[in-house]
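Asks: I'd like to ask you about the structure that follows.
The values are calculated or read from the model by the stated rules, or taken from the named source; none is laboratory data. For clarity, every value in this text was computed on a predicted model and none was experimentally measured. Neighbour counts run over all protein chains shown; Cβ positions are idealised from the backbone, glycine included. Ligands, DNA and RNA are stripped out before the accessible areas are found, and what is left, the full protein with its side chains, is counted by its heavy atoms. Shrake-Rupley method; radii C 1.70, N 1.55, O 1.52, S 1.80 Å.
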Amino acid sequence: MLANPYVISLMTIVLLFTFLGQSWNLMLGIGGQLSIGHALFVGLGAYSVGVLYVKYGISPWVGLLTGMILAGSVGASIAWLSFRFEVRGIYFALLTIAAAEFARIMFSGWEFVGAMQGLFFPAPTGGIEISMLRGDARFYYFVALALAALGIIGTEFISRSYLGYVWRAMRDDESAARALGVRTFQHKILVISISAATAAAGGGVLALVQGSIFPDSIMGMGLSVDVLIGPVVGGLGTTFGPLVGSLAAIPLNHLMSALGDSLRIPGLNNITYGVVLISVVWFLPDGIWPAIVRLCKAIQAPPTAWLWQSRKVEE
Amino acid sequence: MTTLLEVENLSRSFGGLIAVKDVSFSLRAGRITALIGPNGAGKTTCFNLVAGALKPTSGRVLLEGRQIDNSPPEAVCRMGIARTFQIVRPMREMSVLENAMIGAFSWTRNVSEARSKAYESLESVGLAAKAHARTDQLTLPDRKMLETAKALSTRPKLLLLDEVMAGLRPTEAAGIVGVLQKLAEGGLTILLVEHVMRIVMEVASRVVVLHHGAKIAEGPPGEVVADPKVLESYLGAGFHA
């Protein structure tokens, strides 16, 4: 299957969005903070890699690190400002959209980073250069695979550490968590900056894979939505949700896009996205992955247990 | 007998409403004190002022001589005051044990250390057998005890309990009384906000009575119930014995 270049490039995107979804999932699924402007952090990562590499020939490794530090600080600043003035919940989410749009417009007019014309990476020479993180499609497939694995392991690791417990407590009930000594102000800033930094790493690799950066696609609302589709469809707050969700949603999107082109129905992929999202919210409100877990348990357990469990879920 | 907590001339108003008016009392270490009063007397406001959830309009709260009323709730908790909520608030997606672990992370980052402290807390309130249950499988008295266990995991010097016995049957309440007495014997200081007079009589060594935001009586339970002002506040004028 890996011989087919289309499948390779599709899987690379699936795995990259698994990683990006994982970063978003950490923030909402565990930390309880909703971002609808993750494109800001993805874009900062992409531009850090792009500008340093295209303009100065500096290795993307340095670009990735720079992007992570930059996005982490920007995320922390937004969070600090927001929570300092008691802007939270859905208002914080609106603030993330505003910040992402602000950055997109700023980068669209900034000649140094290519403005609307974007930035182009030099065409790949064919050889694999790990020090410059350059190679063919198959090379990037393995980079994306490693990144997705790192994301899953990292999420699991954080989830089981004291941070995971404290963040889930904060997500479920902030004032109850504070009464138990959780410094929620610091922890919210921490979870947001970690999420932002990892999103930037994903963005940097995404830019290398695509070979070009345009402000409207890398920092647009569309990308923010693409980032959250995986975890929402797959299962919010679960370790494997973003992977399962990306595996389901992205190939479907590509398929519908192709089908829409041949049937001359523009926007068929977006309509399907909408239908899938509504179906998931309606039928599997906690996502595909928890449903799979329940199904596996149900097969091993007697049928009465299954009934009881499904009733519990409906509550 | 050492004094653990001192409340000095505490007042709090919400707009034009004075919820707590010039209240002073102190808590002695290792004792159970009850804060009682009819509905709207300012008990919960007073409780929230001590817990750091509200800031006083005037007055001070001192824990072991240190002023704490300017600190946010998480800092107050870390200084040694743990509280429960009147409406029980278990973290829904976590097990009973995981709920009890959160408080321990105020003094350790080690997950297994937190887990063993959580077991200890659950054991002291008689919930150890249900450690792996989900919180929505617990009965109301068990949930109230889980609230207490969560607070105990923070290793408090002072435990603030907000109506832990409200809505319970007498036999269930008796079980909780036993737990509280055992905790006090272990050296913990407890401040109860309570509505059920009979239980307060049984468990508290000292009672503070609030009415319309002001303190109207303080002393051992036997003396306080005989106080005509207290009877009047609970039953209305004309019920003097």
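Asks: Pop a pseudo-label 7 angstrom from the Cα along the beta-carbon direction at both A:LYS297 and A:ILE265 and give the gap in nm to one decimal.
Replies: For A:LYS297 paired with A:ILE265, the spin-label model returns 3.8 nm.
Asks: In terms of Cα to Cα distance under 19 Å, which aspartates and glutamates are near enough to B:LYS157, apart from those fewer than 8 places away along the same chain?
Replies: B:GLU6, B:GLU64, B:ASP69, B:GLU74, B:GLU120, B:GLU123, B:GLU147, B:GLU185
Asks: Sticking with this structure for a sec: With respect to the cross-link table entries B:LYS21/B:LYS117; B:LYS130/B:LYS182; B:LYS182/B:LYS229, which display a Cα-Cα separation exceeding 27 Å?
Replies: B:LYS21/B:LYS117; B:LYS182/B:LYS229
Asks: For the protein assembly as shown, max minus min Cα coordinate along each principal axis, in Å, sorted largest first?
Replies: Rounded to whole Å, the extents work out to 97, 58, 42 Å.
Asks: Excluding B:PRO141 itself, what net charge comes from residues whose Cβ is under 14 Å from its Cβ, given Lys and Arg +1 and Asp and Glu -1?
Replies: 0
Asks: What number, rounded to the nearest 500 deg cm²/dmol, is the helix-based mean residue ellipticity at 222 nm of chain B, given -39500 (n - 2.57) per DSSP H run of at least four residues and division by all its residues?
Replies: -10500 deg cm²/dmol
Asks: Counting only other residues whose beta carbon sits under 13 Å from that of B:LEU183, what net charge do I get with K and R as +1, D and E as -1?
Replies: Surrounding charge for B:LEU183 is +1.
Asks: Sticking with this one: Can you tally the net charge around B:ALA104? Count Lys and Arg as +1, Asp and Glu as -1, for every other residue whose Cβ sits under 9 Å from the Cβ of B:ALA104.
Replies: So the environment of B:ALA104 carries a net charge of +2.
Asks: So for the stretch A:5-219, Kirkwood radius off the Cα pairs, Stokes-Einstein at 4 °C and 1.567 mPa s: how many µm² s⁻¹?
Replies: Rounded, D is 74 µm²/s.
Asks: If B:THR57, B:THR171, B:THR44 are ordered by their accessible area, calculated over protein heavy atoms with a 1.4 Å probe, which sequence runs from highest to lowest?
Replies: On the way: B:THR57 85, B:THR171 110, B:THR44 50 Å².
Sorted by accessible area, descending: B:THR171, B:THR57, B:THR44.
Asks: Here's something else I'd like to know. For chain A, modelled as a Gaussian network with Cα springs under 10 Å, which listed residue fluctuates most, A:LEU268, A:LEU34, A:LEU16?
Replies: Looking only at A:LEU268, A:LEU34, A:LEU16, the biggest GNM fluctuation is shown by A:LEU268.
Asks: Please report the orientation-averaged projected area of the stretch A:164-262, defined via the convex hull of its C-alpha atoms, in nm².
Replies: Directional mean of the projected Cα hull area for the stretch A:164-262 stands at 8.0 nm².
Asks: OK, next. Report the Rg/Rh value for the stretch B:11-146, based on alpha-carbon coordinates and the Kirkwood definition of Rh.
Replies: In the stretch B:11-146, Rg relative to Rh is 1.01.
Asks: Where in chain A are the DSSP H helices whose alpha-carbon span along the long axis reaches 30 Å or more and whose Kyte-Doolittle mean is at least 0.0?
Replies: A:60-84, A:137-160, A:184-210, A:241-263
Asks: Relative contact order (percent) for chain A, with alpha-carbon contacts under 8 angstrom and 6 or more residues of separation?
Replies: Over chain A, the number comes to 30 percent.
Asks: Spin-label point model (7 Å from Cα, Cβ direction): what's the B:TRP107 to A:VAL275 distance in nm?
Replies: Placing both labels 7 Å beyond Cα along the Cβ direction yields 5.9 nm.
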